[in-house]
Amino acid sequence: MTAPTTGTCDKHGPFAIKSIAIGECVIRVTRCPSCSKEDAEREAAERAEKERAERQAKIEARLEQAGIPALFRDRSFLNYEYGDVAQANARARFMSFAQNFELHLKRGTVLVGIGKVGTGKSHLACACANYLMARGHTVYFTSTARLFTKIRGTWSRSSEMTEEQMLRQFEQIDLMILDEIGLQRGTEDEQRTLHELLEARRLACKPTILLTNLDHVELAKYLGERFIDRLKESGVSVVFNWESHRKQSRDVAGLDQESA
Ligand SMILES: Nc1ncnc2c1ncn2[C@@H]1O[C@H](COP(=O)(O)OP(=O)(O)OP(=O)(O)O)[C@@H](O)[C@H]1O
Ligand SMILES: [Mg+2]
Ligand SMILES: [Zn+2]
């Protein structure tokens, strides 16, 4: 009796059974080729999805470690609107900072974003962070209040790190973003720690972005005249003096009428 040369698949109907000769042996492929192809495609898709999920998890772990608030994870230069010249200029300065980062890593540039609430200082700083992390740089974003809390945490006996070790770690991060400087008046100890950190980063040529609602005079007082004087060498300041974007978004959403 000769073996059948066709088979039938419940899903794909009749198919030819192939015989493959390997030396003395003949292997008959009795499985539906369409089913085999579908299986292979499904497995490839599953593998690709698994790899994508792993990559995503890595990015999220990096974002978590980088301290970028969830709200700002998708913030970029592309989704920053720049209707007027000053906004376009601020965006261009932050974008140029990110794009020329290798140069700033030689200079230890300090980029200061100064000005009114809701104008997009944190947005543009996070755009820099996201841009640089995608290019393999280490970034750490923190409000100044959170920084001090973290440092105070090292004073506890159960802390895994000493204050010194934590400061050394902050000193090594490629880009550090200190948000909301001077929102609460820090203690003298806190201010001294901040000066130490900024000075250590400056000497290590690590760029820093400082963001604040203080004006130039108040900021100089907060950071100390000596630091401001050094900024003249390696500092760039961008003033954000237009209306809050938060107010504009509320107007569009009609929230002001609702709450009135
Ligand atoms: N020009 C803009 N285009 C698009 N979104 C913007 C723009 N400016 C601000 N936003 C958005 O408005 C919100 C407020 O902006 P952001 O928090 O960056 O302001 P800020 O200057 O850091 O304010 P604050 O001084 O209160 O911290 C954010 O969600 C931000 O993404
Ligand atoms: Mg902000
Ligand atoms: Zn089949």
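The values are calculated or read from the model by the stated rules, or taken from the named source; none is laboratory data. Not measured: the values here are computed from a predicted model. For neighbour counting, all protein chains shown are included, and Cβ atoms are generated from backbone atoms with ideal geometry for every residue, glycine included. Accessible surface is based on the protein model in full, side chains and every heavy atom, while ligands, DNA and RNA are left aside. Shrake-Rupley method; radii C 1.70, N 1.55, O 1.52, S 1.80 Å.
Just a few scattered comments:
- The stretch 220-240 residues near the modelled residue 191 label - backbone nitrogen below 18 Å, point 7 Å along Cα→Cβ: 220-231
- With Cα atoms, 0 to 90° folded angle of helix 225-234 axis to the chain main axis: 50 degrees
- Qualifying trypsin sites (Lys or Arg not before Pro) in the stretch 1-40, DSSP loop, other Cβ atoms within 10 Å at most 15: 11, 31
- Within the assembled protein chains, the solvent-accessible surface assigned to residue 245 is about 80 Å², based on a 1.4 Å probe.
- Of 88, 129, 48, the one that fluctuates the most in a GNM where the chain has Cα springs shorter than 10 Å: 48
- Segment residue 96-residue 226, length gained on full extension (0.36 nm per residue, minus Cα span): 44.1 nm
- Here the Karplus curve 6.51 cos²θ - 1.76 cosθ + 1.60, taken at θ = phi - 60°, turns the phi angles of the stretch 125-131 into couplings of 5, 5, 4, 4, 4, 5, 4 Hz, with x standing for Gly and Pro.
- Rolling a 1.4 Å probe over the protein heavy atoms leaves residue 35 with an accessible area of roughly 30 Å².
- Take the Cα of residue 54, step 7 Å toward its Cβ, do the same at residue 71, and the gap between the two points is 3.5 nm.
- Local electrostatic count, residue 41, Cβ distance below 13 Å [Lys/Arg +1, Asp/Glu -1]: -2
- Calculated accessible area for the chain comes out at 62 Å² per residue, all protein chains present (probe 1.4 Å; ligands, DNA, RNA ignored).
- Taking the protein heavy atoms of the stretch 66-249 in the context of the full set of protein chains, the accessible area attributed to carbon and sulfur is 52 percent at 1.4 Å.
- Taken along the Cα-to-beta-carbon direction at a fixed 7 Å, the label points for residue 164 and residue 45 span 5.8 nm.
- Within the chain, helix-based [θ] at 222 nm, where runs of 4 or more DSSP H residues each add -39,500 (n - 2.57), nearest 500: -16500 deg cm²/dmol
- Taking a Cβ cut-off of under 9 Å around residue 240, the surrounding Lys, Arg, Asp and Glu residues balance to a net charge of +2, with basic ones at +1 and acidic ones at -1.
- Here the Debye sum runs over all C-alpha atoms of the chain as equal scatterers in vacuum, and log10 of I(q)/I(0) at q = 0.09, 0.13 Å⁻¹ comes out as -0.54, -0.88.
- Charge tally around residue 163: other residues with Cβ under 15 Å, Lys/Arg +1 each, Asp/Glu -1 each, net -1.
- Using a Gaussian network model of the chain in which every pair of alpha carbons under 10 angstrom is joined by a spring, one finds that among 118, 186, 136 the greatest mean-square fluctuation is at 136.
- Measuring from each cysteine beta-carbon in the chain, the ones with no other cysteine beta-carbon under 4.7 angstrom are 25, 126, 128, 205.
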